[in-house]
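Worksheet: the structure to be examined is printed underneath.
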Amino acid sequence: MRIVIMGAGGLGGYFGARLAAAGNDVAFVARGAHLAAIRQDGLRVESAHGNLHLRDVAATDDPATLAPADVVIFAVKLWDTETAAEAVKPLVRPGTAVVSFQNGVSKDEVLARILGREAVIGGVGQIGVVIASPGVIRHTGTMAKLTFGEFDNTRTPRVEALLDACTAARIDAEIARDINLAIWQKFAFLVPMSACTASMRSTIGPIRANPQTRGFLLDITREVVAVGRALGIGLEEDFAEQRMAFVETLPPQMTASMQGDLARGNRLELPWLSGAVVELGRRAGIPTPLNRAVADILALYVNGAP
């Protein structure tokens, strides 16, 4: 397949490298020191699933220099969504699948508005991964899964082809039975993880071990679930409790990318996470005091270290 990775950071760099190593024609869109390192020394992946070093990598900061793609994997930070979507317009032809593995629940509306609804399929990425240094992607833990699908949940040739490519690359992947539900299931896990690890400046281990912070984590998850259910998403009533059982299985050192961004003084995706829960709750008539508290507490850091 001809695949373009729009945003060759942690997630995009990891899965793009796996797809390239399996023989797909993969081009990476990156910038700055990361792009320079990839051009000079290739792209490296450090992972419990096996290390990779791709020495000859097609990498650019300008998608317009690339040929049209079968699949565009969209993995930029949420504040760059509109700019990045405009930039990939030259890559989209009839039948191209643009799949966002970004966080949040509003990303696909933005892509559909700019690229056309027929181009966009839904996606969910689950992985703990960072740029360890320019040109080097480090995968923490063992979770590395992609879920995707058409928004009408039909199994079209393009999603089947993407699944085949992932399977050949030994990527844990599946076509969702209900992609909207899958996106919200991730959202209802990621928002509390991001909110708690960032506002408490901690990995998940101490948070789940302390009764007070564990209770906060559960209650903020319940808020997200209540908002989703009010908006017609088929989340189970006890989904928050199910997520807490899953939290018990996570490595104690696991954190959310927003906590890492906060620690490094970078911008935060807060407006699209807890901030979005507050706004969606307002529309649905569901109170969200804990998510509002997190959004207010971290407001000083949204645009980076003050």
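What follows draws every value from the coordinates through simple rules; no lab data is involved. Remember, predicted model here, so these are calculated numbers, not experimental data. Neighbour counts are summed over all protein chains in view; Cβ atoms, including those assigned to glycine, are modelled from backbone coordinates with ideal geometry.
Here are a few things to note about the model shown:
- Relative contact order (percent, whole number), the chain, Cα cutoff 8 Å, 6+ residue spacing: 15 percent
- Read-out Rg/Rh (Cα atoms, Kirkwood Rh), derived from the coordinates shown; its label in [x] 0.95; [y] 0.97; [z] 1.04: [x]
- Size check on the stretch 42-150: the Cα extents along the three principal axes, sorted descending, read 38, 30, 25 Å.
- The sum of -39500 (n - 2.57) across all DSSP H runs of n ≥ 4, divided by the residue count of the chain, sets its helix-only mean residue ellipticity at 222 nm to -13500 deg cm²/dmol.
- The slack between Ala284 and Arg264, meaning 0.36 nm per residue of separation minus the straight C-alpha distance, is 3.7 nm.
- Low-density loop cleavage sites - trypsin sites (Lys or Arg not before Pro) in the stretch 35-75, where at most 15 other Cβ are within 10 Å (DSSP): Arg55
- The residue among Leu235, Gln253, Pro211 whose Cα reaches farthest toward the positive pole of the charge dipole of the stretch 181-301, with charges on the beta-carbon of Lys, Arg, Asp and Glu, is Gln253.
- Rounded to 5, the percent of DSSP beta bridges in the chain classed as antiparallel: 35 percent
- Dipole of the chain, positive direction: furthest Cα of Ala85, Leu268, Pro287, with charges on the beta-carbon: Leu268
- Electrostatic dipole magnitude of the chain [Cβ: Lys, Arg +1; Asp, Glu -1; Cα centre; debye, to 20]: 460 debye
- With both labels modelled 7 Å from their Cα along Cα-to-Cβ, the Glu241 to Gln212 distance reads 2.6 nm.
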